[in-house]
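The values are calculated or read from the model by the stated rules, or taken from the named source; none is laboratory data. None of these values were measured; they are calculated from a predicted model. Note that each Cβ is placed from the backbone with ideal geometry, even for glycine, and that neighbours are counted across all protein chains shown. Quick note on the areas: whole protein, heavy atoms, side chains included, nothing else; ligands and nucleic acids left out. Shrake-Rupley method; radii C 1.70, N 1.55, O 1.52, S 1.80 Å.
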Amino acid sequence: MKTLTFFLVAFLAISVSFGVDRNNFKTCDQSGFCNRLRKFKPEKSQYAVNLDTVIVHGSVLSAEVNTVDTSTEKKIILWRYALRLSALKDGTFRIEMDEADPLYPRYRTQLSLNGEPKGDSLKLVSNINGQLTVKNGQGHSVVITAEPLKFEFLDKKGDVAVVVNENSQLLVEPLKEKGKKAVENDDEGSLAVEAEDESAWSETFKSHHDSKPRGNEAVSIDISFPDADHVYGIPEHTDNFALKTTTDGEPYRLFNLDVFEYELNSRMAIYGAIPVMYSHGTKRSAGVFWHNSAETWVDVVNYAEGTVVSSLVNLVTGGQKRRVDARFMSESGVVDLFVFLGDKPADVFRQYITLTGVAPLPPKFSLAYHQSRWNYVDQADVRSVDEGFDTHDIPLDVIWLDIEYTDGKKYFTWDPIKFATPQDMVANLTAKGRKLVVIIDPHIKREAGYFVHEDATENGYYVKNKDGNDYEGWCWPGASSYLDYFNPVVSKYYSERYRFENFPGTSKDVHFWNDMNEPSVFNGPEITMPKDCRHYKPPQDGHEGLASYWEHRHVHNEYGLFFIRGTHEGSLQRADSKYRPFILTRAVFPGTQRYAAVWTGDNMAEWGHLAVTVPMCLSLAAAGVSFCGADVGGFFKYPEAELMTRWYQAGAFQPFFRAHSHIETKRREPWLYEPATTALLREAVRRRYALLDFWYTLFYEHSTKGLPVMRPLFQEFPDEEETFTIDDEYLLGANLLVRPVTEPGVNSVKVYLPGKESKTIWYDVDSYKAIPAAGYMHQEVNIGKIPVYQRGGSIIPRKERVRRSSALMADDPYTLVVALDVNKAAHGTLYIDDGETYEYRDSKYIYANIDYKNNELNYTIVNKNAKYPTRSWLERVVIAGIRNSPKSAKLTQGDKTTALQLTLHKGNDVLVVRKPGATMAASWTITFGY
Ligand SMILES: *[C@@H]1O[C@H](CO)[C@@H](O)[C@H](O)[C@H]1NC(C)=O
Ligand SMILES: *[C@@H]1O[C@H](CO)[C@@H](O)[C@H](O)[C@H]1NC(C)=O
């Protein structure tokens, strides 16, 4: 939605220029631990495994690790740590390291894993010369060098795929009592980062003071990826998909922040933080997931990049040309690192999502077109927008209401004048199969008489400040407090607000938008909550004082996830878990995908912001968040016709497709442009609806297989080096290649068509013209053109009768587009269900394979006991790339056989089979005769 405008309007009026106020946000130098850790460059790691303590049991190797003072002959143990190395299913390893006996428990991230990861077997293979070798059940091994501590992860061939602590930057700063030194034996020597700088017990940024009651407690780790050409991931940033070397500037920052008018090509933190990184090269893919919810900075060094001095490259990599190193630095927590050994891109993406969970099948309407604005001002406005879509023959599934629908920014209420009869408004929408989404933010207005505020105050449900009183910040409602969702009682209370009786006017067709959940606090440090605020921690015996609560610093990046989990729970429970919730969130953390879709926040109506939607969503998709989109048209400023057109065309091929705009911008519903532009916007939206069943099938397959819906080209073509840095085009599933036009005034764009080696053929979806893959080509693009290509060898379902909403198209017939490969074969899938309930878990769905080969097309329902009696039927089959026309065709379904009509369009080798009429509720075969 929006950020600080409220305060900045006045300034903007004077200073015309747009752009982020960098002064509001820390650089690494201004962040105590980042500054401290970035300077930490020991020649040799001080950490060493005590080999006498090694135990291998089940899937876990455990051992004591010590930091050792090496400055003298006798080795003096400085500090003790507990190490666990676990082998997990699917070729994943996990390294955990905590203090053996910390002064207080250190925070462990709670919600990002989708349950406890499943263990694999782990065997100790050898223990010689200070090196331990263990092997998992899949044939990967780990070589642990005891001193200095180093982990080498070997692939099945025995090649080193990932190295941890190669650069000696493993670090766990021990918790100390103020005034005491953090060494057990401090006769001689001291920890490398022992020197207490000014920032150890308090820090100040601008006018904000952070009391740091536990002192320094940072953790860090370094990872090397031998043979890697590039690394990817760690969203959310506005940078390229392939990450850049950071030694010349700021590290990438992961800290959920509400950044007003964020800038492009930046490593600054924005709303989301997913500390997962993937490496890729022609030899393999690998990856790591740094499981930590505190503020985190990440340095990257790519030795193949021109900017890295070559002498350094040789020194560090021993002459290896290809290698990327990374380093994660977090303000608090423990060392908890998952290592993915791939070895293909699809494997590492799956390995990550196996840990954090897939996005469940979304309700179908949520994949259709959404219309939003800050704000549709009243019911009459909503009605006129709703009718406008009908008048102008543009499909629409959802209308959105931003914060102004509430009674004075009090969530779970309606403005009594402007939204006096929400039930009627919703009923009018649902009559056309449409839905309503309303916003619910985490800040609670501190107003006497507001039930949420009264309940929270009375019961102690708010997050506390450093002194233990209710924390008070400033947000949309003015003085606000924030529910402490970390407390299960509060979370339950919050979920219950979504019950129909607690939020009158809502029904199963009203869904939710959770914004500002970084959390955004207008008057807080970096526009968020102070790090020394206090969150709930389950009471445990003897835990008092600092051990009785978590600080916001520990949990910050996870706050928004706890919030949306409550929304998800509430949306389920209000209708007895019968309907699938739809939630949109701005804050992002690992695991977010289990509850919500994500949009990229407050972007701008500028070409660069349109272009960056692709790398941003690619990066989120690789990090588990497939349901991603950007505000179509741009949130700030006004998109002129060409930009608006290109943005609709791009949005129609991105997972979450919603137009949204800022309250001070000119209205821009599609019909407010010139008729020619309106026609183009209509066409873009209609193209989305024609492919809705394709999208729905992709999301179904994501929920069963865990692969990204939106994919980088190298996921499908991992050996093709040119694809490694392409992030202006992408694949939907494996088979639809999209290269949105994101440049103004062009009549042609460069498109890379991968798969030359495998003789891949691509078909322009507008003309069915076959284009053999040959790398880059020029595509002519008039203003109506969206460069989209279907991969030869695939079959894609369409619905050509576009109606007012997706619900009204449920029973409509299908067209199947068969694009033949060099072997004249093709394969596709189709998923069908009721679109909104969980009955599919009860076999009430159809999942079908569609295969073409040997002059035969089969539609085969693969789920046993499929109990979904769809009324949809087969209206048309289009076969592209056929060359020789068959003389006849017949349909066989059950014991019935029907002769079919064929038309060959010679110029482009396309065969059309008209009205086969088969029902999609049962398998069928079409046989072609020559
Ligand atoms: C609902 O639709 C009816 C009939 O078109 C109209 O009279 C009424 O004003 C609408 N109600 C709302 C709240 O928009
Ligand atoms: C279609 O199904 C039949 C019967 O199961 C099978 O013999 C044939 O190979 C299938 N053809 C294709 C193209 O899958």
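Listed by position, the helices (runs of 4 or more DSSP H) enclosed by the stretch 558-670 that each have at least 1 residues that are β-branched (Val, Ile, Thr) and open to solvent by 10 Å² or more (accessible area, probe 1.4 Å) are 607-622.
Being open to solvent by less than 30 Å² (accessible area, probe 1.4 Å) and not charged (D, E, K, R) is the filter here; which residues of the stretch 415-440 pass it? Within the stretch 415-440, PHE419, PRO422, MET425, VAL426, LEU429, GLY433, LEU436, VAL437, VAL438, ILE439, ILE440 meet the criteria. Counting only residues that are within 14 Å of ligand 2 (Cβ to nearest atom), open to solvent by 10 Å² or more (accessible area, probe 1.4 Å) and closer than 18 Å to LYS824 by Cβ, the stretch 856-885 holds 2 of them. When you check MET777 against the structure, is it more than 18 Å from ASP821 (Cα to Cα) and crowded, with 22+ Cβ neighbours inside 10 Å, yes or no? No, not satisfied. Applying the set (1) in a loop (DSSP other than H, G, I, E, B); (2) in contact with a helix residue (DSSP H, G or I) (Cβ under 7 Å, 6 or more places away or on another chain) to ALA269 leaves exactly one unmet item: (2). In the stretch 520-565, of all residues being touching a residue at least 60 places away in the same chain (Cβ under 8 Å) and of a type in the set (Gly, Ala, Ser), the one that is farthest from PRO488 (Cα to Cα) corresponds to GLY524. Only residues that are away from ligand 2 (no atom under 14 Å from the Cβ), open to solvent by less than 40 Å² (accessible area, probe 1.4 Å) and within 30 Å of LYS844 (Cβ to Cβ) were counted in the stretch 904-920, giving 3.
Table: residues versus (1) surrounded by fewer than 20 Cβ atoms within 10 Å (Cβ to Cβ); (2) of a type in the set (Val, Ile, Thr); (3) within 16 Å of ligand 2 (Cβ to nearest atom); (4) farther than 22 Å from PHE657 by Cβ.
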site: GLY755; (1), (2), (3), (4): no, no, no, yes
site: TRP762; (1), (2), (3), (4): no, no, no, yes
site: ILE771; (1), (2), (3), (4): yes, yes, no, yes
site: ASN782; (1), (2), (3), (4): yes, no, no, yes
site: LYS785; (1), (2), (3), (4): yes, no, no, no
site: SER806; (1), (2), (3), (4): no, no, no, no
site: VAL822; (1), (2), (3), (4): yes, yes, no, yes
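Is it the case that some residue within the stretch 889-903 is open to solvent by 60 Å² or more (accessible area, probe 1.4 Å), polar (S, T, N, Q), away from ligand 2 (no atom under 16 Å from the Cβ) and farther than 28 Å from TRP762 by Cβ? Looking for residues that are open to solvent by 60 Å² or more (accessible area, probe 1.4 Å), polar (S, T, N, Q), away from ligand 2 (no atom under 16 Å from the Cβ) and farther than 28 Å from TRP762 by Cβ, one finds at least one in the stretch 889-903, hence yes. Scoring SER121 on the criteria (1) crowded, with 18+ Cβ neighbours inside 10 Å; (2) over 15 Å from VAL334 (Cα atoms) leaves a single failure, condition (1). Among the numbered conditions (1) at positive phi; (2) within 16 Å of ligand 1 (Cβ to nearest atom), the only one that GLY460 does not meet is (2).
When the stretch 441-473 is filtered for residues that are surrounded by 17 or more Cβ atoms within 10 Å (Cβ to Cβ) and either of a type in the set (Phe, Trp, Tyr) or touching a residue at least 60 places away in the same chain (Cβ under 8 Å) (or both), the ones remaining, listed by number, are ASP441, PRO442, HIS443, TYR450, TYR461, TYR462, VAL463, LYS464, ASN465, LYS466, TYR471.
Here ALA684, ALA676, ALA734 are screened, and the one residue that is modelled with pLDDT of 95 or more, buried (at least 22 other Cβ atoms within 10 Å of the Cβ) and of a type in the set (Gly, Ala, Ser) is ALA684. Please tell me if VAL377 is outside any loop (DSSP other than H, G, I, E, B), outside the structural domain of ASP811 (by TED's automatic domain parsing) and more than 26 Å from the chain's Cα centre (by Cα). The answer is no for VAL377.
Just one residue in the set ASP386, ASP343 is acidic (Asp, Glu), open to solvent by less than 20 Å² (accessible area, probe 1.4 Å) and away from ligand 2 (no atom under 16 Å from the Cβ); that residue is ASP386. Search the stretch 566-587 for residues that are farther than 23 Å from ARG658 by Cβ and pair each with any residue that is crowded, with 24+ Cβ neighbours inside 10 Å and among the polar types (S, T, N, Q) when their beta-carbon atoms are under 8 Å apart and the residues are at least 6 apart or on different chains. From the stretch 566-587, no pairs qualify.
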